[in-house]
Amino acid sequence: MNIEITRNPNPATPPVGDYGFGRIFTPHMFLMDYKDGQWQSPRIEPYGPFAMDPAAKVLHYGQEIFEGMKAYRNAADDTVHMFRPDKNIARFNISCERMCMPPVDEDMFAQALDLLIDVDRDWVPESPNALYIRPTMISTQVGLGVKASTEYVFYIIIGPAGSYFAGGINPLRLRVEEKYVRSAAGGTGFAKTGGNYSASLLPIQQAQAAGYDNIIWLDAKEMKYVEEMGAMNICFVYDDQVITAPPNLDHFAHGIGAGWLAHQTGRHGFAILIHIVQQCSCSINRVAFFIAGDCQDHRAIRGCFAHKINSGSSKGRDT
Ligand SMILES: Cc1ncc(COP(=O)(O)O)c(C=O)c1O
């Protein structure tokens, strides 16, 4: 694929300090258009806003998908490495299929990532920070008919990122969400599409107002089984087992981080049990938790708070 590069005439210099998450972007982005049944005009341009018709389908029906991935700088030899990009590329195309959008050729996708990161290579921060990568596809056809678009833009933006949660590496306080659900079987839970996340805003906001960092989603049918967190997977260490939710269900995101962590912990002597975790199936003092996902470091959890955990207490307790 021939990617045309237009250099930013006025590139900023990489900032130093606390990057936060998703606030800072590099001077360039990758773009490609889908028209007349094919992807065309792959290009790297200066980062900036693009014009969109107010009747573009994405603005009304949310036909959009994205991925979240990271690249790291290896201090030993100053090389830059992405974490399992092939998995994100594959998951992007799975999301495409569910949202009725045209897939992106995997090699083309990988080439676009490589080139964009190389153009803004100076922006890849030192560990423990990383370069956050956000490939996105939006439907741009003009028209209010509820129908899959015939036109799309695929773009990739990147930027240095630190911790997803404010407060550094402190353990988290999580509330088990018992009113709202993220997605039911047959829904779009496994696709990384914006609607799943906008539906989560209210319960997360309510949990934060009550002093929690985030929520744990339960299954939509019985409100009984632990599925994932707001934007990440959750793993349980129970005695010598690492337990995380099964990737064959279609109502939550199948984390690349969780899969990798489960594999790694397996190599360190834990049995890996990928299965449904029932709330309250074990007492909290025998369980350790951690979360996994591209957007945060792997973090310990300070407490799970819901009346079902901790045998009847409505407040829960710290572990
Ligand atoms: C809802 C949700 N669950 C889980 C994850 C973790 O996925 P991964 O490990 O592939 O980043 C994410 C990632 O952002 C997510 O948004």
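Using a 7 Å offset from the Cα along the Cα-to-Cβ direction at both Val16 and Ala55, what is the distance between the two label points in nm, to one decimal?
In this crude spin-label approximation the distance works out to 5.3 nm.
Could you go through the stretch 114-119 in sequence order and give the Karplus-derived ³J(HN,Hα) for each residue, using 6.51 cos²θ - 1.76 cosθ + 1.60 with θ = phi - 60°, rounded to whole Hz, and x for Gly and Pro?
Calculated HN-Hα couplings, in order: 4, 5, 4, 5, 5, 4 Hz.
If packing is taken as the average number of other Cβ atoms within 10 Å across a peptide's residues, how do 61-73, 90-102 rank, most packed first?
Numbers: 61-73: 21.3, 90-102: 17.9.
The densest-packed peptide leads the list: 61-73, 90-102.
Could you give the length gained by full extension between Val237 and Asp250, i.e. 0.36 nm per residue of separation minus their alpha carbon distance, to one decimal place?
On the way: separation 13, 0.36 × 13 = 4.68 nm, distance 2.35 nm.
Gain on extension, Val237 to Asp250, equals 2.3 nm.
What FRET efficiency, computed as 1/(1 + (r/R0)^6) with R0 = 22 Å and r the Cβ-Cβ distance, is obtained for Val146 and Gln40, rounded to the nearest 0.05? Kindly include the intermediate steps, with their values, before the conclusion.
On the way: r = 26 Å, r/R0 = 1.19.
It comes to 0.25.
Can you pull the one-decimal nm distance between simple spin-label points at Asp122 and Met1, each 7 Å off the Cα toward Cβ?
Taking the two extended label points, one gets 2.6 nm.
Using the structure shown, list the pairs from Lys147/Lys224; Lys70/Lys147; Lys70/Lys221; Lys35/Lys221; Lys57/Lys224; Lys192/Lys221 with a Cα-Cα distance above 30 Å, or answer none.
On the way: Lys147/Lys224 35 Å; Lys70/Lys147 33 Å; Lys70/Lys221 34 Å; Lys35/Lys221 40 Å; Lys57/Lys224 36 Å; Lys192/Lys221 21 Å.
The answer is Lys147/Lys224; Lys70/Lys147; Lys70/Lys221; Lys35/Lys221; Lys57/Lys224.
Please give the Cα centre distance for the stretch 1-80 versus the stretch 114-135, rounded to the nearest Å.
Centre-to-centre distance over Cα atoms comes out at 11 Å.
How many nm is it between the label spots at Leu202 and Glu106, if each spot is 7 Å from the Cα in line with the beta carbon?
4.0 nm
Here, each number is a calculation from the coordinates, and none is a lab measurement. Quick caveat: nothing in here was measured; it's all calculated off a predicted structure. Ideal geometry is used to build each Cβ from the backbone, glycine not excepted, and the neighbour counts take in all protein chains shown.
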